1. Only four residue types carry charge here, +1 at the Cβ of Lys and Arg and -1 at the Cβ of Asp and Glu. Report the dipole size of the chain about the Cα centre in Debye, rounded to the nearest 20.
2. Quick check for you: which residues of the range 201-233 have the amide N under 17 Å from the point 7 Å beyond the Cα of residue 116 toward its beta carbon?
3. Would you calculate a helix-derived [θ] at 222 nm for the chain, using -39,500 (n - 2.57) for each DSSP H run of n ≥ 4 and dividing by the full residue count, to the nearest 500?
4. Tell me which of 157, 168, 178 sits at the most positive position along the dipole axis of the range 4-181, charges placed on C-beta atoms (Lys, Arg +1; Asp, Glu -1).
5. Describe numerically, in nm with one decimal, the distance between label points set 7 Å from Cα along Cα→Cβ at residue 249 and at residue 272.
6. If neighbour count is taken as other Cβ atoms inside 10 Å, put 402, 409 in order from fewest to most.
7. Taking the dipole about the Cα centre of the chain, with the C-beta of Lys and Arg at +1 and of Asp and Glu at -1, give me whichever of 78, 368, 195 is farthest to the positive side.
8. How far apart, in nm, are the 7 Å Cα→Cβ label points at residue 102 and residue 233?
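Readers should treat all values here as calculations from the given coordinates under stated rules, not as data from a laboratory. Model, not experiment: these values are computed from the prediction. Neighbour counts are summed over all protein chains in view; Cβ atoms, including those assigned to glycine, are modelled from backbone coordinates with ideal geometry.
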Amino acid sequence: MFSITNLGKISRSKKKRTYLLTEEQQRLVKIAQDKRGSTAYNESITFELKGRLAIDRLRNAIQTVIHRHDALRTSIAADGLHQIVTPVLDIEIPLLDYSSEDAPDEALDRWLLAESQQTFDLYRGPLIRATIIKLSPERYAFNICTHHLISDGWSLVAILEEISKIYSGCLDIPQIQQFTDYLQWYNQDTQSDAFKTSELFWSEHLRTVSPLRLPLDYPDPEQRTYNGARISTKIPSDLTLALKQRSMAWNATLFHTLLGAYVHQITKFCQTNAIAIGISVSGRPTHLAEHLVGYCSHFIPIYQKIDKKSTWSQQVQQTKAALSQAFKHQNLPLARILAKMPQEQQENLIQVTFNLDMAMAIDLVGLQTQIIPQPVTSARYAMGLNVIPELDSLHFDLDYNTDYFKAETMQEFLGNLQRFSFQ
């Protein structure tokens, strides 16, 4: 077993410590307190593991990662404005045995569905859970789930990398920064001239933005809901290669090209020539960018006015320019941007989102691993496209609010996007 004292920079405090929540965290606490949004911000991933799994070694690796990161030992104070870091947290990591079931995969699917609807107790904690499921003597599933208040997509990549290295006996464990280091930087940054410049930019940039009018299939609910589902499709390697080559010819990245196609389809779908799309940014300063676990990421609105006569390549260049301008001011979190806006804009500024995900993997020595698709029962926004690179192909996940749209409408939208992107 590894000793956590040999695994990089770790908090040595033996007392609970209390810190003010960031504005983004406070926004999520309010959503989580609403029963309708209680599971919308769970971050979950499941892997299939084939081979001889050392269960205790995997448990030890998970627990060691929890000991290494303050954020994973965090819960929310009763006032909803502070977070509490406990010095020690040992979580139960159950082993569920479905190997004697007639259909273990179906039993796993039922468990995953139930897990997707399982809430966290923000105030008692923990805000992380992990489960190992035995499907046969040499086949397992491993699920890890955190609340977004303590972890984001960048964090999950770091967590999985550390679990992989510790389980596999690698001594090259990365030095880490703590989320409390980020909080110190953030508090200083809010007083900087650059932060004030970004506040002015967003105030002026979004002053005339009107909420996007989506063609809903159902009457708009009086109160915001988070009921959701997902439609997925896989883009084969030949089409993915063609898209990458097209991006290079346009002096653009794959992100620019895919976002340009998505913008085009949204404007057609909504019959509008102006659109604000939420883009996720890491929120981490350069010196804290690697191996930092915590909720640092946030959305920024990319606002574009579309010329319907533009070609796709011209649309990509317009999107590229809009991104470049917005990224200069990405240090301002969404909660701060929204606070400066009228109530209707606050609630409807971002209704659609786009994200090109980082590849997530767990590499455990002696085991073959692959991601198991997650059931989705919540949606954070009206609709959001997440593109996931998979070796030489792309995976499209379109999440949508089921109180707004029918599955057939979203299937048609995704099909139109795919045809446009690879025409």
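1. 960 debye
2. Output list for this probe position: 226-233.
3. The per-residue figure over the chain is -11000 deg cm²/dmol.
4. Farthest towards the positive pole: 178.
5. So the label points at residue 249 and residue 272 sit 3.2 nm apart.
6. 409, 402
7. Positive-most Cα among the choices belongs to 195.
8. 3.7 nm
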